[in-house]
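Here's the structure we're looking at; comments come further down.
The values are calculated or read from the model by the stated rules, or taken from the named source; none is laboratory data. Please read these numbers as outputs of a predicted model, since none were measured by experiment. Cβ: placed from backbone, ideal geometry, glycine included. Neighbour counts: every protein chain shown.
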Amino acid sequence: MTPTESILNFPYAYGLILAAAIGAITAATIYHFLRKTRAKVAQLVSERDTKEKLIEEMRKLEKFRRDFISNLTHEIRTPLTGILGAVELLSDEEPLNDSDRIAMLKVLKNESIRLDKLAQDILALARIEHTTDEAKRAFAICDISDVIKNVFTLMKPKTAAAGIGLILLKNESVKTACDAHLIEEAILNLIENAIRYSNSLTIELSLESVGGRAKITVSDKGVGIDKKHLPRLFERFYRVDKARSREQGGTGLGLAIVKHIAQLHEGEVSVTSNLGEGCTFTIFI
Ligand SMILES: Nc1ncnc2c1ncn2[C@@H]1O[C@H](COP(=O)(O)OP(=O)(O)OP(=O)(O)O)[C@@H](O)[C@H]1O
Ligand SMILES: [Mg+2]
């Protein structure tokens, strides 16, 4: 190429370089814009997901609140109906004979006790649920084996009176920060359930130290619980046999209280059971 030709071609080459440069800048700008847009879209999607999650959580809470109120209303109305019926009969102009009067007074007593237990259980649940972190930090160190000893001494006469043998299989020392009264309440709940519902002739209680944690088990060899009930067993007001629970004065809050006591101690409660083969409840804290 002659120098003249080179000079003539210069604008063409310059144009090519300029076009390439503009192309590169445009591509970079588009790439940058796309990246920003993608980030923005991702942010919006994540915000929408968070919002949807929050809405879902709120829906669940609202359903929980509605179910709780409707269960509670039902649990209050059942004894109230009994009380009102008895009062009506007792205040009838036609006086009741002695045995009917005594029967009605028994209804008044039992239904009032049930209402009182319901109020106490609801308050206990609320208290446990609202235990502050500060209160948790103030838990004193206690040896769970002392709690087990207390429970055993307390329940031995009660089980004996019901013709049931209470056996303490193991009681290893486990020292941990806890609310001893609550742990005692949880174990009492499990033993009382075994007495009431299992029809078992023996109840076994045991405490083992597992990696420094306490594994408390209450086992019976009674009627057991159908597997289909197990996932809901620790829900408030859930009963396997409603009629039997009511007849025993139960409110269906016992196992929910046990669950909350275990969770308060950063632990958990679980159950294994087969119909006709008894139940084993385990608290791990
Ligand atoms: N060891 C057991 N054997 C068979 N059924 C059991 C056993 N423990 C619990 N259940 C069943 O689980 C249900 C729920 O127990 P939970 O302790 O929560 O309520 P409750 O005993 O009916 O009432 P509450 O404990 O408030 O007096 C019981 O109604 C009973 O049907
Ligand atoms: Mg119970």
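Some notes on this structure:
- Each residue in the stretch 244-262 was checked for being within 7 Å of ligand 1 (Cβ to nearest atom), assigned to a helix (DSSP H, G or I), farther than 15 Å from residue 128 by Cβ and of a type outside the set (S, T, N, Q), and 1 pass.
- For the stretch 263-281, filtered to residues that are assigned to a loop (DSSP other than H, G, I, E, B) and out of contact with any helix residue (DSSP H, G or I) (no Cβ under 9 Å at 6 or more places or on another chain), the residue that is surrounded by the fewest Cβ atoms within 10 Å (Cβ to Cβ) is 276.
- Condition met for residue 111 (within 26 Å of residue 256 (Cβ to Cβ), at pLDDT 90 or above, of a type in the set (D, E, K, R) and surrounded by 10 or more Cβ atoms within 10 Å (Cβ to Cβ)): yes
Every residue, every condition in (1) out of contact with any helix residue (DSSP H, G or I) (no Cβ under 6 Å at 6 or more places or on another chain); (2) of a type in the set (Val, Ile, Thr); (3) in the same structural domain as residue 256 (by TED's automatic domain parsing), yes or no:
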residue	(1), (2), (3)
33	yes, no, no
39	yes, no, no
60	yes, no, no
68	yes, no, no
78	yes, yes, no
83	no, yes, no
93	yes, no, no
104	no, no, no
113	yes, yes, no
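- Across the stretch 190-230, the qualifying residues are those that are of a type in the set (Ser, Thr, Tyr) and under 28 Å from residue 266 (Cα atoms), and the one among them that is surrounded by the most Cβ atoms within 10 Å (Cβ to Cβ) is 219.
- Residue 188 within 16 Å of ligand 1 (Cβ to nearest atom), assigned to a strand (DSSP E or B) and either within 19 Å of the chain's Cα centre (by Cα) or in the same structural domain as residue 258 (by TED's automatic domain parsing) (or both): no
- Some residue of the stretch 88-101 being in contact (Cβ under 8 Å) with a residue 24 or more places away in the chain, surrounded by 13 or more Cβ atoms within 10 Å (Cβ to Cβ) and in a helix (DSSP H, G or I): no
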